[in-house]
Structure formats: C-alpha cells, structure tokens
Amino acid sequence: MPSTDTNGSNRTLERAAAILDAVGRSAVSASELSRRTGLSLSTAHRLALQLADYDFLRRTDSGAFRLGDRFVRSALENAGIPVLNDLRDQTGETAQLWVRRGDERVCLLSADSRHELRATLPPGSRLPLPQGSSGRLLAAEEDALAELASAGWIESVGSRTPGLGSVSAPVRADEGIIAAVCLAMPLARVSESPGQDHGSLVVRAAQRIAEAVERRN
C-alpha cells in the first residue's frame, strides 16, 4: 500500500500539472487558475508561485501567470534552429539567438559562418548588457529602441570587439521582446553597414521564429 508521503507527492504533482494545463497562450490570473482547475484560490496561487520559482511559470507585471522560461526556451530553440541555419546560409555569416538573463545576455543557439574568418560564440556564452547590438536591444536602451523604431533593427560596428560588427532584431511575443536574432560578421566583409547589408533578412528571421513559437504555444 502506497505511503502517505507518496500519496501526498502524487497529489501535489497532479495539482501542479493541472495548473500548467490551465495556462494557455494568454496570461491567466490566480482566480482564473482556481476556476479552471477546481482548486481553491489559495492553493492555486501557492502552487503557481512555486512553479514560477522554478521557471515553469512566470508572473507578469499585473500578477497574472503565463508559461515560464523552461517552456519558452525550448520553443525558441526548436523554432530557432532551422531559421538560423537559413539566415547563415543566405548571408554567409554567423547567426545567433540571444535571451536576457538578469544583467546578462545568454546565447541559446549559434549557426556559425563557414568562413575561416568569422565571428562566433558558442551556445551558453554570457555577455554583460548592453554590449553589442543584441545586448543594446535586450537591455532596451533608449537610443537602441529609437534605432529599432526607425530601422527595424539595431546594429553595432566594432563597439564590443574591434573589427567585428553585428545587426540584431527582436523576437516578439504577447509580453514583448523575448529574444534577439543577431547576425555577427567581420567588418572586412561589410559593404555599407551590418544593418544596411543584412538588416531586412535578420528582421524576417526574427519574425519567423516568433511565428513558429506562437504556433507551438
């Protein structure tokens, strides 16, 4: 006969699974989670907060809950791989996907240029904000957002590493910018500027990833 502790653990897992199942594409309040799951408001709220502690859920500014980074990251990675490979093949340069983690940006994916001379950082690399075009974008710098509003992309010309440039565009979801697509290259292969040369392709790649993430959610 199962122990009381085992029964209690199973019940907690069942309730946690019910909470996750109840969270859809839009942010859900604790009271709505309670209604959808049949749990008391206090239980639903407590479990949702615990799931948020482990990144299964995320709280919005309004206090509602939506799927957290563990799910978003997986969706981003699955959606991003073919798109970044296409972008690399179209441009010949290194295509990356970056996300914000606190005061840093983290490289989730990288499709490296096949040129011997290339700009590259392996997945898992961390850089402080707001370095580079994707760093400026994810840090939401005022001048970067103005550049984004004007051109649709943000570029960097030798600002982080002399001789290297990049152009980045945002991956957007309902809650705002969730990632940045970055195309990095040696300035020796730039004709006009990173943005003028490749900005439109980077913007389209970011849109494709956003659309794929939305379909997966």
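Please treat every number below as a calculation from the coordinates, not as lab data. All figures in this text were calculated on a predicted structure; none of them were measured in a lab. Quick reminder, even Gly has a Cβ in these numbers, built from the backbone with ideal geometry, and neighbours come from all protein chains shown.
Before moving on, here are some points about what is shown:
- Exposed-loop-free span, longest in the chain, where GluC sites (Glu not before Pro) count as exposed if DSSP calls them loop and at most 13 other C-beta atoms lie within 10 Å: 1-115
- Viscosity 0.692 mPa s, temperature 37 °C, Stokes-Einstein D of segment 70-216 from Kirkwood C-alpha radius, µm²/s: 224
- Karplus-derived HN-Hα couplings along segment 94-101 (A = 6.51, B = -1.76, C = 1.60, θ = phi - 60°), whole Hz, x at Gly and Pro: 6, 10, 10, 10, 10, 10, 8, 9
- Helix-only CD estimate at 222 nm, as mean residue ellipticity for the chain, using -39500 (n - 2.57) per DSSP H run (n ≥ 4): -15500 deg cm²/dmol
- Net dipole in debye of the chain [+1 Lys, Arg Cβ; -1 Asp, Glu Cβ; about Cα centre; nearest 20]: 620
- 0 to 90° range, to nearest 10: angle between helix 69-91 axis and the chain longest Cα axis: 20
- The residues neighbouring S156, those whose beta-carbon lies less than 11 Å from its own, together hold a net charge of 0 under the Lys/Arg +1, Asp/Glu -1 convention.
- Length, then width, then depth: along the principal axes, the Cα atoms of segment 4-67 run 38, 23, 18 Å.
- As a proxy for reagent exposure, H45, H198 were ordered by neighbouring Cβ count within 10 angstrom, fewest first; the result is H45, H198.
- Gain on full extension, evaluated as 0.36 nm per residue between S62 and R114 minus their Cα-Cα distance, stands at 14.2 nm.
- Within-14-Å neighbourhood charge of A48 [Cβ basis; K, R +1; D, E -1]: +3
- Helix 194-216 and the longest principal axis of the C-alpha atoms of the chain enclose an angle of approximately 20°.
- Spatial separation of Cα centroids for segment 142-217 and segment 66-93, in angstrom: 14
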